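Quick notes on the structure that follows.
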Amino acid sequence: ATAAFRMPDDMPVDYTNYKTLRVTLESDVSINMLKDWAEAETVDILNEGIGNEVDILVNPTIYPAVVQSLGEAGVGYEILSENVAADIEKEKEELLQAVPGVFDFKNYYAVKYQHAHIDALVARHRAQAETFSIGQTYEGRELKCIRISNNLASADSKPMIWVDGGIHAREWISSHTVLYFANALLGEVEPSLQTELQSMLDKYQFVILPMSNPDGYEYSRNSNRYWRKTRRPSGCKYDYTRADGSCYYGACYGIDPNRNWDAAFESKQGVSTNPCSDVYPGKKAFSEKNTKAMSDYLLKHISNVKLYMSFHSYSQ
């Protein structure tokens, strides 16, 4: 959405009177309209097309023109939120209810507390679990994994199931879902599943990276709730620079880490060449330290990897 995603790093984004709309995609006209708006940063796409509907975040200054265009094109929509800022404030109040030192899955926790939680799991289950880092992010945060298996000493030789979450910063529940999965594997929740889970732990090693984009996640907690990408400077808007090297239309931050892998990287589908776009894949695959670290680890163990699961969620 417009200028909200080009604010200085230390300035929280104000979503007062931003609206969330659910738009019905019934024709090529509506699909192309949404694509054009997303590319121009007129709106922010909150989900990437589930069925024939898509939810968008709309800046109040552009909202009248958006609804007029939808109406003129005969595109159906409904308003899901009249004031996104009020929704964010309500969420902040809930975050403040978190009890220090208690990880109860009733709230969303900072990266340091997520890491402390998996350290605590290891302390309680040393025969089945260990933590390790596969690298650091642009801002120096650890990419911390937990490995879970029965007979941990022989886990390296077992087939691997890789699980990650949090690759899109604003999808807070994805990392916490993965953390809950780790708790279930270690028998701390879901007691009715333990027979099946213990059988899986005998056969497999689970390597779990709950938070794969910690820089973006912390930025979404502290500055811009709808931030999606990493936080490394990514260039100038539309790559327009002045003769002195400064950005003509403003500097951009972040790469979409989900699109920074080398699978069909040259494809023009579902990506943008605008470095400020939420779906900008970067200039080359694995330009981001988090995706490079994940790729390096997986390639090192590729002969053991039998399943890759990456958890996403609706944008908020």
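The values are calculated or read from the model by the stated rules, or taken from the named source; none is laboratory data. These figures come from a predicted structure and were not determined experimentally. In this analysis, Cβ positions are derived from the backbone assuming ideal geometry, glycine residues included, and neighbour counts consider all displayed protein chains. Heavy atoms of the whole protein, side chains included, go into the accessibility calculation; ligands, DNA and RNA do not. Shrake-Rupley method; radii C 1.70, N 1.55, O 1.52, S 1.80 Å.
Of all residues in segment 97-112, those that are hydroxyl-bearing (S, T, Y) have Cβ atoms under 6 Å from Cβ atoms of residues that are at pLDDT 85 or above and surrounded by 16 or more Cβ atoms within 10 Å (Cβ to Cβ), 6 or more apart or on another chain, in Y108/W172.
Residue-wise test of (1) touching a Gly at 6+ places or on another chain (Cβ under 9 Å); (2) surrounded by 19 or more Cβ atoms within 10 Å (Cβ to Cβ); (3) of a type outside the set (A, V, I, L, M, F, W, C); (4) within 20 Å of N47 (Cβ to Cβ).
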{"position": "S246", "(1), (2), (3), (4)": "no, no, yes, no"}
{"position": "W261", "(1), (2), (3), (4)": "no, no, no, no"}
{"position": "G270", "(1), (2), (3), (4)": "no, no, yes, yes"}
{"position": "T273", "(1), (2), (3), (4)": "no, no, yes, no"}
{"position": "S277", "(1), (2), (3), (4)": "no, yes, yes, yes"}
{"position": "K284", "(1), (2), (3), (4)": "no, no, yes, no"}
{"position": "S287", "(1), (2), (3), (4)": "no, no, yes, no"}
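Within segment 289-316, restricting attention to residues that are under 30 Å from V43 (Cβ atoms) and of a type in the set (F, W, Y), the residue that is most open to solvent (accessible area, probe 1.4 Å) is Y314. Every condition in (1) part of a loop (DSSP other than H, G, I, E, B); (2) touching a residue at least 12 places away in the same chain (Cβ under 8 Å) is met by Q198 except one, and the failing one is (1). Note on segment 255-314: residues that are touching a strand residue (DSSP E or B) at 6+ places or on another chain (Cβ under 9 Å), among the acidic types (D, E) and farther than 20 Å from Y226 by Cβ amount to 1. Looking at segment 158-181, which of the residues that are within 16 Å of L95 (Cα to Cα) and among the charged types (D, E, K, R) is surrounded by the most Cβ atoms within 10 Å (Cβ to Cβ)? Step by step, filter segment 158-181, then rank; the result is R170. When the criteria are applied in full, L179 fails the requirement of being in contact (Cβ under 8 Å) with a residue 40 or more places away in the chain, in a helix (DSSP H, G or I) and farther than 19 Å from K112 by Cα.
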